[in-house]
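The structure under discussion appears below in the form of structure tokens.
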Amino acid sequence: MNDAWAATVLTLFPEMFPGPLGLSLAGRALASGVWKLDAVDIRDFATDRHRTVDGTPSGGGPGMVMRADVVAAAVDAMHSAAKPLIYLSPRGKRLTQARVRALAEGPGVTLLCGRFEGLDERVIEARAMEEVSLGDFVLSGGEPAALALLDAVVRLLPGVMGAAASGEEESFESGLLEYPHYTRPQVFEGREIPEVLTSGDHARVARWRREEAERLTRERRPDLWEKFQKDGRKSD
Ligand code: 9WO
């Protein structure tokens, strides 16, 4: 399948991939060629016999820094300019569902996973990398974030999740949190399924779900609620 969505991951731990993405729906889509994954060991681009990829921080301080020349060699060998080049970093722009959808609609992505204290700043600048963050926390490396980003994108690719994904996306695309979900048993530890959901009245169900999504967004994410109201006013 020539036009499969193609992910290239540059990492010091290629054995971390596909990891969980090799299972379930993403794994089946990978096996059937809906998407492609090439996990590349940055260490293969080291130039010395010790395969050195890092150095002590200039100016002193803890940890080690990934060398610009080695990272640049890996990017230049493996990255196609037709795809976004993303460095997973706590400093990055927060990933949103809209950006995930945009990535899914493109040809693929090159993801750069840092380790140690991160990359020499000069390679981030020289290769015009886009820094993306999944949230305000620090992992031991970019790989878990890369796996999460790829999961979010792959589930949106045609034929991977079907209606479930499109249904769920509406709430995020509309800027609201997901409404509550229920299924049998009818009673769980004395807690009933809300009557409206077993009423058979689809209009009432849709109204209840929208109201719940708005209530949860107001209560839990006032930032999203404020944006939703502004966007709603714009589209009025
Ligand atoms: C390591 C370190 C060691 C000693 C003192 C300070 C230190 N800071 C770091 C550090 O921030 N390492 C990062 C590890 C460098 C970039 C790759 N790593 C990473 C990416 N951690 N967390 C992310 C990440 C990526 C996307 N969204 C959230 C977090």
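Readers should treat all values here as calculations from the given coordinates under stated rules, not as data from a laboratory. These numbers come from a predicted model, not from an experiment. With ideal geometry, Cβ positions are generated from the backbone for all residues, glycine too; neighbour counts draw on all protein chains shown.
Quick look at the values:
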| item | result |
| --- | --- |
| Cβ-Cβ under 6 Å pairs, at least 6 apart or on other chains, region 125-153 side within 11 Å of the ligand (Cβ to nearest atom), far side basic (K, R) and not in a strand (DSSP E or B) | G141/R115 |
| In region 43-67, residue farthest from G108 (Cα to Cα) [restricted to those that are in contact with a Leu (Cβ under 7 Å, 6 or more places away or on another chain) and more than 12 Å from the ligand (Cβ to nearest atom)] | V53 |
| Matching helices (runs of 4 or more DSSP H) fully within region 19-115 where at least 1 residues are out of contact with any Phe, Trp or Tyr (no Cβ under 7 Å at 6 or more places or on another chain) and acidic (D, E) | 68-78 |
| Matching residues, region 3-44, being under 14 Å from L149 (Cα atoms), surrounded by fewer than 20 Cβ atoms within 10 Å (Cβ to Cβ) and among the small types (G, A, S) | A6, G19 |
| Tabulated pairs, region 22-37, first aromatic (F, W, Y), second in a loop (DSSP other than H, G, I, E, B) and surrounded by 13 or more Cβ atoms within 10 Å (Cβ to Cβ), C-beta under 9 angstrom, 6+ apart or interchain | W35/A4; W35/L157; W35/V160 |
